[in-house]
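Quick notes on the structure that follows.
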Amino acid sequence: MNRKQRKENRKQTKGQIIIVSVFVLVIVAILGMVAVTMISSESFSVVKNLHGIQALNIAEAGVRFTIATSLAADSDWSDNSDFGPVSLNPGYFTVHYASKAKRICILEVTGTVNGVNRTVRLTVKRGGAFPYQFLEYGLYGGDPSSIGDRVRFYNDSKIIGSFYYYGPVEIMGSRPPPCQTDGVIRSYSIDPPPSVGIPNYYASWEAISTVDPIVWDNTYYDNWLTVAASNAATSLSLSGNQTLNLNGQTRWYRAITMKNFSRIIGPGTICATAMPTGSGDLNMSDSSRIIGPVRVVVRGSAKMNNDSYLFGTVEVIARQKFDINHNCFTSRECTLYSKGDFTLNNDAIARGNVLAPYGKITLYTNSQIKGLIYANEFQAYDRATLEGGAAFKEVGNFYNRSMVIQNGGVLPSFLPPGISSEGTTDSFEVSDWGEVY
């Protein structure tokens, strides 16, 4: 090979090397760009994931903040408002009440970090207050030892809210208006069935097979009835604006009669003993008033008529029946107990705790009970209203535009003796805690 050929070969080799080098550089550049893109994407995902974790932590911190501040210091959650944003490094949280009642609510707390949101949803119920039967239903009824008798709703009678009955429920008459427009009816069976009843007769129905009864302890009331079983020299009769001030004492009379704007004021305890003779009754009429704190213990019957009133923290314990008639009224902090039957009629309104654990509560014309209601049996007639939370073993029919209304807002601020609270007064029951996607 001569010099000229060798020179040409060297030129060709150099050209090939340059081409290969350029190609390698192009490949390396492409790989570099891909690597940079992958690293950048991965870094973005890592950062976003970090922000998501931070946002979830902030949401959970917001839950604890809400329980410790808005809920712990408030005895009534029904009027609570959404709030936020609340700053919490490195982001903030907002609080939304998806549902709220006096002592139970559903919270949705959203944490946000650099535009990344995470939401936590949970149910919070306050302990130390009312068993769930009174909070979650307008009426909770049934005998755990057997399926109860059929409950019938006649003549435009209504359920407002949720209703639980361990037995058959039957809605009579043509509808609309529906018997129930919100909430859920839970019962052993229902007539008409869901294929016919929704939405013309009721909003929702679920089948049940058990009932969880309220546990009752009568010790407190029996003890006071024993205290009242003492001899008394005279009966008490107040009228014409007369006032008896108990001045912190306990007093015994054979019977107690009040009328014509007379008053008994506390603090103190007054007993109608029926001993050694007498009726042992409490009779209030003609705008007479008892103003608490007063405890009235009656070995006979308690009767309120004609615009008589109980104001403040008044407790009436009757060994026999309890009747309230003709525009009488009791305040929200009252406790009314009868070891016999309990009857309201003619525009009477009983607020507070109304208890007949061994008897029957019967509501007649335009009468109302608003509060916590507990009895062995119940019956409603003629535009009567049961409002708040109620628990019964046996339930009769609802007639002539009578109503049962679920309303935690009218429950008294305390449980009556005889019904155990759920948890301690400062405890919270949290359930269904989870992230919302």
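Does ILE256 satisfy the criteria of being open to solvent by 10 Å² or more (accessible area, probe 1.4 Å), of a type in the set (A, V, I, L, M, F, W, C) and over 14 Å from LEU225 (Cα atoms)? Step through it out loud before you land on a result.
Working: open to solvent by 10 Å² or more (accessible area, probe 1.4 Å): no; of a type in the set (A, V, I, L, M, F, W, C): yes; over 14 Å from LEU225 (Cα atoms): yes.
When the stated conditions are applied, ILE256 does not pass them.
Among the residues of segment 390-398, is any out of contact with any Lys or Arg (no Cβ under 9 Å at 6 or more places or on another chain), among the basic types (Lys, Arg) and farther than 20 Å from ASN325 by Cβ? Checked segment 390-398: at least one residue is out of contact with any Lys or Arg (no Cβ under 9 Å at 6 or more places or on another chain), among the basic types (Lys, Arg) and farther than 20 Å from ASN325 by Cβ. Listed conditions (1) more than 21 Å from the chain's Cα centre (by Cα); (2) aliphatic (A, V, I, L, M); (3) at pLDDT 95 or above are all met by VAL113, apart from (3).
Does TYR202 satisfy being modelled with pLDDT of 95 or more and crowded, with 18+ Cβ neighbours inside 10 Å? Break it down stepwise before answering.
Values: modelled with pLDDT of 95 or more: yes; crowded, with 18+ Cβ neighbours inside 10 Å: yes.
Considered against the rule, which asks whether it is modelled with pLDDT of 95 or more and crowded, with 18+ Cβ neighbours inside 10 Å, TYR202 comes out as yes.
Of everything in segment 63-107 that is assigned to a strand (DSSP E or B) and within 17 Å of the chain's Cα centre (by Cα), the residue that is surrounded by the fewest Cβ atoms within 10 Å (Cβ to Cβ) is SER99. The set of residues in segment 236-264 being without any contact (Cβ under 8 Å) to a residue 40 or more places away in the chain and under 17 Å from VAL297 (Cβ atoms) consists of LEU236, LEU244, GLY248, GLN249, THR250, ARG251, TRP252, TYR253, ARG254, THR257, ILE264. Of all residue pairs spaced 6 or more apart or on separate chains, those with beta-carbon atoms under 6 Å, a first member in segment 387-407 that is more than 18 Å from ASN345 (Cβ to Cβ) and a second member that is open to solvent by 50 Å² or more (accessible area, probe 1.4 Å) are GLU394/GLU377; ILE405/ILE160.
Residues in segment 180-192 that are under 28 Å from the mean Cα position of the chain (by Cα) and either within 24 Å of THR210 (Cα to Cα) or part of a helix (DSSP H, G or I) (or both): GLN180, ASP182, GLY183, VAL184, ILE185, ARG186, SER187, TYR188, SER189, ILE190, ASP191. For segment 136-167, filtering for residues that are open to solvent by less than 10 Å² (accessible area, probe 1.4 Å), outside any strand (DSSP E or B) and not hydroxyl-bearing (Ser, Thr, Tyr) leaves 3. All conditions in (1) open to solvent by 60 Å² or more (accessible area, probe 1.4 Å); (2) of a type outside the set (Lys, Arg); (3) more than 37 Å from the chain's Cα centre (by Cα) hold for ASN223, with the sole exception of (3). Return yes when ASN260 is closer than 20 Å to TYR309 by Cα, out of contact with any Ser or Thr (no Cβ under 6 Å at 6 or more places or on another chain) and outside any strand (DSSP E or B) and no when it is not. Considered against the rule, which asks whether it is closer than 20 Å to TYR309 by Cα, out of contact with any Ser or Thr (no Cβ under 6 Å at 6 or more places or on another chain) and outside any strand (DSSP E or B), ASN260 comes out as no.
Wholly within segment 310-412, which strands (runs of 3 or more DSSP E) include no fewer than the required count, namely at least 3 residues that are buried (at least 24 other Cβ atoms within 10 Å of the Cβ)?
On the way: elements: 314-318, 322-325, 335-338, 342-345, 349-363, 368-380, 385-398, 403-406.
Output list reads 314-318, 335-338, 349-363, 368-380, 385-398.
Among the residues of segment 230-239, those identified as touching a Ser or Thr at 6+ places or on another chain (Cβ under 9 Å) and either surrounded by fewer than 16 Cβ atoms within 10 Å (Cβ to Cβ) or not hydrophobic (A, V, I, L, M, F, W, C) (or both) are SER230, ASN231, SER235, SER237, SER239. Determine the pairs where a residue that is under 17 Å from LEU415 (Cα atoms), located within segment 130-152, has a partner that is open to solvent by 10 Å² or more (accessible area, probe 1.4 Å) and of a type in the set (Asp, Glu) with Cβ atoms under 8 Å apart, the partner being 6 or more residues away or on another chain. Filtered contacts from segment 130-152: PHE130/GLU422; PRO131/GLU422; TYR132/GLU422; GLN133/ASP212; GLY138/GLU387. Go through segment 221-235 and give me each residue that's assigned to a loop (DSSP other than H, G, I, E, B) and in contact (Cβ under 8 Å) with a residue 60 or more places away in the chain. Within segment 221-235, just ALA229 meets the criteria.
If you scan segment 388-400, which residues turn out to be farther than 16 Å from ALA375 by Cβ and either among the β-branched types (Val, Ile, Thr) or modelled with pLDDT under 95 (or both)? First the steps, then the outcome.
So in segment 388-400, the residues farther than 16 Å from ALA375 by Cβ come out as 399-400.
Answer for segment 388-400, where residues must be farther than 16 Å from ALA375 by Cβ and either among the β-branched types (Val, Ile, Thr) or modelled with pLDDT under 95 (or both): just ASN400.
Does segment 207-220 hold any residues that are loosely packed, with under 12 Cβ neighbours inside 10 Å and outside any loop (DSSP other than H, G, I, E, B), and which are they? Give the derivation first.
The first filter runs over segment 207-220 and keeps only residues loosely packed, with under 12 Cβ neighbours inside 10 Å, leaving 207, 209-210, 215, 219.
Residues satisfying the conditions are ALA207, THR219.
Filtering segment 275-287 to residues that are buried (at least 21 other Cβ atoms within 10 Å of the Cβ), among the hydrophobic types (A, V, I, L, M, F, W, C) and within 24 Å of ASN223 (Cβ to Cβ) leaves only LEU282. If you go through segment 138-163 and keep only what is out of contact with any Gly (no Cβ under 7 Å at 6 or more places or on another chain) and of a type in the set (Phe, Trp, Tyr), you end up with TYR140, PHE153.
The values are calculated or read from the model by the stated rules, or taken from the named source; none is laboratory data. Note that the coordinates shown come from a computational prediction; the quantities given were computed from them, not determined experimentally. Cβ atoms come from the backbone with ideal geometry, glycine included; neighbour counts cover every protein chain shown. Only protein heavy atoms, including side chains, enter the accessible area calculation; ligands, DNA and RNA are left aside. Shrake-Rupley method; radii C 1.70, N 1.55, O 1.52, S 1.80 Å.
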